[in-house]
Amino acid sequence: MVTSITSFGRSGLYDWMVQRVTAVVLLAYTIFMIGYLLFNSDMDYSQWKSLFECTSMRIFTLLALLSMAAHAWIGLWSVTTDYIKPTGLRFVVQSGCGLLTFIYVVWGIQILWGV
């Protein structure tokens with residue numbers, strides 16, 4: 001039996017629900033960005049910068065970034081749990097994925113908020 005020591009959620013149902021909610025957030029962000037780029041085809045750097053200076057856009061982007069991290073973690077956990085059977089190797093791979101996810105989130109926050 002596979003232990004869920006490195007699972008993001010408390011149960012399979014919780015992980016399933018997080019996957020669906022984060023997918024909706026990512027879909028909304030993607031649709032917004034594609035629409036914004038289509039309707040502003042002559043966009044320059046100053047328009048792009050002003051878009052991300054808006055607090056609501058920063059919050060929306062942060063929500064998308066956190067959603068992507070949670071969505072990726074649950075997906076990678078599921079794949080590694082299914083295909084990597086040795087517990088030690090699975091733990092190392094999952095720890096590496098978790099560390100990279102954390103680094104990308106921190107890096108994204110630094111870029112987004114200029115910290």
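The values are calculated or read from the model by the stated rules, or taken from the named source; none is laboratory data. Just so we're clear, the structure is a prediction, and the values are computed from it rather than from any experiment. All Cβ positions, glycine included, derive from the backbone under ideal geometry; neighbour counts span all protein chains shown. Side chains are part of the model used for accessible areas, which takes the heavy atoms of the whole protein and leaves out ligands, DNA and RNA. Shrake-Rupley method; radii C 1.70, N 1.55, O 1.52, S 1.80 Å.
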- Query: open to solvent by 80 Å² or more (accessible area, probe 1.4 Å) and modelled with pLDDT under 95: does that describe residue 15?
  - Reply: no
- Quick one: what pairs do we get from segment 23-43, first residue closer than 15 Å to residue 56 by Cα, second part of a helix (DSSP H, G or I) and open to solvent by 50 Å² or more (accessible area, probe 1.4 Å), C-beta under 7 Å, 6+ apart or different chains? 25/63; 29/60
- Message: Any residue in segment 95-115 that is closer than 19 Å to residue 61 by Cα sitting within a Cβ distance under 6 Å of a residue that is modelled with pLDDT of 95 or more and of a type in the set (Ser, Thr, Tyr)? List the pairs, counting only those 6 or more apart or interchain.
- Response: 112/61
- Every residue from segment 99-115 that is at pLDDT 95 or above and open to solvent by less than 40 Å² (accessible area, probe 1.4 Å): 101, 105, 108
- Query: Taking the stated definitions as given, is residue 82 over 28 Å from residue 21 (Cβ atoms) and either of a type in the set (D, E, K, R) or open to solvent by less than 30 Å² (accessible area, probe 1.4 Å) (or both)?
  - Reply: no
- Query: Tally time: how many residues in segment 48-92 are more than 22 Å from residue 112 (Cα to Cα) and under 18 Å from the mean Cα position of the chain (by Cα)?
  - Reply: 7
